[in-house]
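Okay, structure first, notes after.
The values are calculated or read from the model by the stated rules, or taken from the named source; none is laboratory data. Not measured: the values here are computed from a predicted model. In this analysis, Cβ positions are derived from the backbone assuming ideal geometry, glycine residues included, and neighbour counts consider all displayed protein chains.
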Amino acid sequence: MAQKGKILAINLVIGCNLSLLFSHTALAHRSVLPHEEFSMTNRTPLEARAPWVEIATTPDDWKKADPQLLETMLGQLHLIRAFEEIVLELAGEGLVHGPAHSSIGQEGGAVGSIVSLGTHDAINGSHRGHHQFLAKVINHVSQGKLDVTNLVTPELQDVLQRTLAEILGLAQGYCSGRGGSMHLQYFEAGALGTNAIVGGGVPLAAGNAWAQSKSLTNNITVSYFGDGAVNIGSVLETMNLAAAWKLPLAFFIENNLYAVSTHVSEVTAEPRLSGRALGFGIPSWKVDGMDPLAVHLAMKEAESHMRTGKGPVVIEADVYRYFHQNGPFPGSAFGYRTKEEEAQWRERDPLLRVANEMIALGLIDQASVDSVRVQALAANRLAASALLEPNPDAPGKRRIRPELWPDVSFVNVGVRGDASELNGARTLEPLKDSGAKVNIKFVDAVAGVIDAAMERDERIVVLGEDIHRLNGGTNGATKGLAKKYPNRILGTPISENAFAGLGGGLALDGRFRPIVEFMYPDFMWVAADQVFNQIGKARHMFGGQNSVPLVLRTKVAIGSGYGSQHLMDPAGIFVTSPGWRIVAASTPAEYIGLMNAALALQDPVLVLEHVDLYQDMGDIPEGDFDYQIPFGKANIRREGKDLTVLTYLSMVKHSLTAVEQSGMDAEVIDLRWLDRASIDWETIEASIKKTNSVLIVEQGALGTSYGGWLSDEIHRRYFDYLDQPVQRVSGGEASPSISKVLERAAFAGLEEIIAGLARVKTGLGGNR
């Protein structure tokens, strides 16, 4: 009773104090009696919408397990373990160029989760992904069944050799040696590619999962990543998007406790990482990854959920890497783990667990287990011997067979495609076409050409923020499309990393052709990993064979008052980033042709638009939204002999006006195709040889200038034909700011072009 009285007294004091506080604020509008009491706040416990369970096997689970399943798991575990041991051996000899991220100790999670997957189920993985890749490819070539008495078939031997060749950087590797240890891909087996960027592959997996779902299959996608990636924005963004769209995607967390040397408990208050799923309404399983059967059982439950259209799952498998982040030494050698901890985990080795359980069930004996180990080692040593030879310059040492290295001429092959897919396309120069015309707004040309493309090609999908609302997004560029194509106009969360990467995954999958919209180009920095590390590099990184047919639309909004974080011109960034093509239209008719060409290309294409052009009127061929602008061809908008003006987007019309006002006989070239592989050097060269002077005109900031790159190229290519250095018109160093006066001072316009023309004239002695 004394305790209750004390509590009551405290509550009365609190109530009085609250009353006093209230009387000095809101009581100007409401009278409160001195004796009025305040009740305590009601508290209602909430429950997560999704289940969260931990799974562990029982003796009955092992008794009920299919003996063939256990045999297959045992064989895969030993093959992967022996493979990794060979990799570490070669790394110790200095034969692995770059890192050797061993998965030894973590095999149980990969094998247990992949053994039930079919070829058309897909996976992608982490930088520590040899085991993930091998488990999927072995499953593919063996059709999910291994015979431990005759473990290695010729097909499986080829898998081991090609995988090892890839890690060594050799031509016979799955990615022609370009992928190495961290970028392993074999599409035919459903191995989409491991990824060196922590969490970088997760959005791409979402794209594959979307394709699986919309292709009316019950196939699933599994994305593997570690405990370090759980705190990465792209992973969490993708969890949200996958849950919202009910994608058949498994987020598989290999929790090995250490992100390099940092323990999971140091970086999160909830080290049970599967708990992340609850915030997104995703069901999750936690399981002992050292028990492959437990992982398998968890995955089977998760598969049932995904294959019946219920959406994504999270599986957290507790595993342990026996060695350091990279190389053949344990973590204890670097001081962040104890030998005791390592020994305890080694006692739980997944290879021992499966073997011991099978022995206890009478399915195998120790001699047969030893034989599996011998077969696995022999196969991997045979794979290595096929790639190595004695080093004549170092007795007792080995070297890679010189004839197996890729030819150095292969270095740039596959940065992008050769554009041969455009051969035979119907092309048109609409500004020179004499056919019937109709006058429309630029922004209506954007919506019109996308509409026509979606009508003739059901593979095209459009992703972006608000594109399904507001009568066509923030500018009307997708006007009318959501109603006409409700399942192909995808309004996304505000999560550029997730939906850009999802678009990249769709492009790599090949069943769909994504158009991704960034509301403003500055938002590319939010999604920079997906845009540049993933989408831009994918074709080349994985051997030059992968098409990446993605269109990224964005608008240059310089002059609209949106400030420093919305108004950049991204052309200079993309032109110096490998893999991307860039197109920029200055008229509605040319936009139609350039967008159609972009959609036909098998490369990622940045399509630039400018808000200053959206309301401009222009003639287009009447009833024709299907033609292409000739690939890699600039347009001479004004012929002249005094000076070559190179420009694009809204600066074309400003340049034409400035030239007329200046009185100079300048040749104005609308570049249209901006990237280094598509730009029209033939037209530029012919013009420079005629005028001997160049002025590059762009609107955006100096630091991210497209003209800086272009000027450098022109000086190196055509120095002997220039009478003076290339002159440039661009904005200032500062990004445009909110103040109307300061914003105008930051970017280039008509006055700056006129001043630039004057500088060129001065450089020519004022005679032109």
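For Tyr648, only one of the following conditions fails: (1) surrounded by fewer than 19 Cβ atoms within 10 Å (Cβ to Cβ); (2) under 24 Å from Met524 (Cβ atoms); (3) not small (Gly, Ala, Ser). What is its number?
Of everything listed in (1) surrounded by fewer than 19 Cβ atoms within 10 Å (Cβ to Cβ); (2) under 24 Å from Met524 (Cβ atoms); (3) not small (Gly, Ala, Ser), Tyr648 misses just condition (1).
Tally time: how many residues in region 534-545 are surrounded by fewer than 21 Cβ atoms within 10 Å (Cβ to Cβ) and touching a helix residue (DSSP H, G or I) at 6+ places or on another chain (Cβ under 9 Å)?
Residues that pass the stated criteria total 2.
How many residues, within region 161-193, are at negative phi and either in a loop (DSSP other than H, G, I, E, B) or touching a Phe, Trp or Tyr at 6+ places or on another chain (Cβ under 6 Å) (or both)?
18
Given the residues Ile494, Ile467, which is the only one that is among the aliphatic types (A, V, I, L, M), closer than 26 Å to Val198 by Cα, outside any helix (DSSP H, G or I) and not assigned by TED's automatic domain parsing to the domain that holds Phe133?
Ile494
Filter region 275-309 down to residues that are closer than 17 Å to Leu74 by Cβ and assigned to a loop (DSSP other than H, G, I, E, B), then give me how many there are.
Qualifying residue count for the region: 3.
Only one of these is under 27 Å from Ala122 (Cβ atoms) and crowded, with 19+ Cβ neighbours inside 10 Å: Val449, Val516, Val526. Name it.
The unique qualifying residue is Val516.
So which residues in region 737-758 are among the aliphatic types (A, V, I, L, M), in contact with a Gly (Cβ under 6 Å, 6 or more places away or on another chain) and at pLDDT 90 or above, if there are any at all?
Result: Ala748, single match.
So which residues in region 340-369 are among the polar types (S, T, N, Q) and within 20 Å of Ala110 (Cα to Cα)?
Asn356 - this is the single residue of region 340-369 that is among the polar types (S, T, N, Q) and within 20 Å of Ala110 (Cα to Cα).
For region 731-745, check the following and say yes or no: at least one residue is more than 35 Å from the chain's Cα centre (by Cα) and either in the same structural domain as Gly563 (by TED's automatic domain parsing) or touching a residue at least 40 places away in the same chain (Cβ under 8 Å) (or both).
Checked against the condition, which is being more than 35 Å from the chain's Cα centre (by Cα) and either in the same structural domain as Gly563 (by TED's automatic domain parsing) or touching a residue at least 40 places away in the same chain (Cβ under 8 Å) (or both), region 731-745 yields at least one hit.
Return the pairs, sorted by first residue and then second, in which the second residue is in a loop (DSSP other than H, G, I, E, B) and of a type in the set (S, T, N, Q), the first residue lies in region 250-270 and is more than 30 Å from Met306 (Cβ to Cβ) and touching a residue at least 12 places away in the same chain (Cβ under 8 Å), the beta carbons are less than 6 Å apart, and the residues are 6+ apart or on different chains.
These pairs meet every condition: Val260/Gln325.
If you take just the strands (runs of 3 or more DSSP E) that sit entirely in region 580-641, which of them hold at least 2 residues that are closer than 27 Å to Ala538 by Cβ?
Result: 581-584, 605-610.
Do we have Val548 as out of contact with any strand residue (DSSP E or B) (no Cβ under 8 Å at 6 or more places or on another chain), crowded, with 23+ Cβ neighbours inside 10 Å and not in a helix (DSSP H, G or I) here?
yes
Contact list please: Cβ distance under 7 Å, first residue in region 292-308 and over 16 Å from Glu54 (Cβ atoms) and in the same structural domain as Trp210 (by TED's automatic domain parsing), second residue assigned to a helix (DSSP H, G or I) and among the small types (Gly, Ala, Ser), pairs at least six apart or on different chains.
Taking only residues 6 or more apart or on different chains, the pairs are Pro292/Gly108; Pro292/Gly112.
Kindly indicate whether any position in region 525-544 is of a type in the set (Phe, Trp, Tyr) and closer than 17 Å to Val462 by Cα.
So far as region 525-544 goes, no, none of its residues is of a type in the set (Phe, Trp, Tyr) and closer than 17 Å to Val462 by Cα.
Is there a residue in region 313-332 that is more than 30 Å from Leu216 (Cα to Cα), assigned to a helix (DSSP H, G or I) and free of Cβ contacts under 8 Å to residues at least 12 places away in the same chain?
Looking through region 313-332, at least one residue is more than 30 Å from Leu216 (Cα to Cα), assigned to a helix (DSSP H, G or I) and free of Cβ contacts under 8 Å to residues at least 12 places away in the same chain.
Among the candidates Gly129, Gly125, Gly109, which residue alone is surrounded by 24 or more Cβ atoms within 10 Å (Cβ to Cβ), touching a Phe, Trp or Tyr at 6+ places or on another chain (Cβ under 6 Å) and in the same structural domain as Ala191 (by TED's automatic domain parsing)?
Among Gly129, Gly125, Gly109, only Gly125 is surrounded by 24 or more Cβ atoms within 10 Å (Cβ to Cβ), touching a Phe, Trp or Tyr at 6+ places or on another chain (Cβ under 6 Å) and in the same structural domain as Ala191 (by TED's automatic domain parsing).
Restricting to region 148-172, and then to whatever is among the hydroxyl-bearing types (Ser, Thr, Tyr) and either without any contact (Cβ under 8 Å) to a residue 60 or more places away in the chain or buried (at least 20 other Cβ atoms within 10 Å of the Cβ) (or both), can you tell me which residue is nearest to Gln545 (Cα to Cα)?
Among those residues, the one meeting the criterion is Thr163.
Starting from region 358-374, keep only residues that are within 13 Å of Thr72 (Cα to Cα) and assigned by TED's automatic domain parsing to the domain that holds Asp291, then list their pairs with residues that are at pLDDT 95 or above and in a loop (DSSP other than H, G, I, E, B) whose Cβ atoms are within a distance under 9 Å, requiring at least 6 positions of separation or different chains.
Close Cβ pairs (under 9 Å, with a partner that is at pLDDT 95 or above and in a loop (DSSP other than H, G, I, E, B)) amount to Met358/Ile364; Val372/Leu151; Val372/Ile364.
Any residue at all in region 677-692 that is in contact with a strand residue (DSSP E or B) (Cβ under 8 Å, 6 or more places away or on another chain), polar (S, T, N, Q), outside any loop (DSSP other than H, G, I, E, B) and in contact (Cβ under 8 Å) with a residue 60 or more places away in the chain?
No - not one qualifying residue is present in region 677-692.
Please verify whether region 233-252 includes one or more residues that are more than 25 Å from Gly464 (Cα to Cα) and buried (at least 19 other Cβ atoms within 10 Å of the Cβ).
Yes, region 233-252 contains at least one residue that is more than 25 Å from Gly464 (Cα to Cα) and buried (at least 19 other Cβ atoms within 10 Å of the Cβ).
For region 704-734, what are the residues that are within 18 Å of Met651 (Cα to Cα) and in a loop (DSSP other than H, G, I, E, B)?
Result: Thr704, Ser705, Val726, Ser730, Gly731, Gly732.
Quick check on my filter: what residues within region 551-579 are outside any loop (DSSP other than H, G, I, E, B) and not basic (Lys, Arg)?
If the condition is that a residue be outside any loop (DSSP other than H, G, I, E, B) and not basic (Lys, Arg), then Val551, Leu552, Thr554, Val556, Ala571, Gly572, Ile573, Phe574, Val575 are the ones that fit.
Going through region 490-513 one residue at a time, which ones are over 22 Å from His468 (Cβ atoms) and surrounded by fewer than 23 Cβ atoms within 10 Å (Cβ to Cβ)?
Asp509, Gly510
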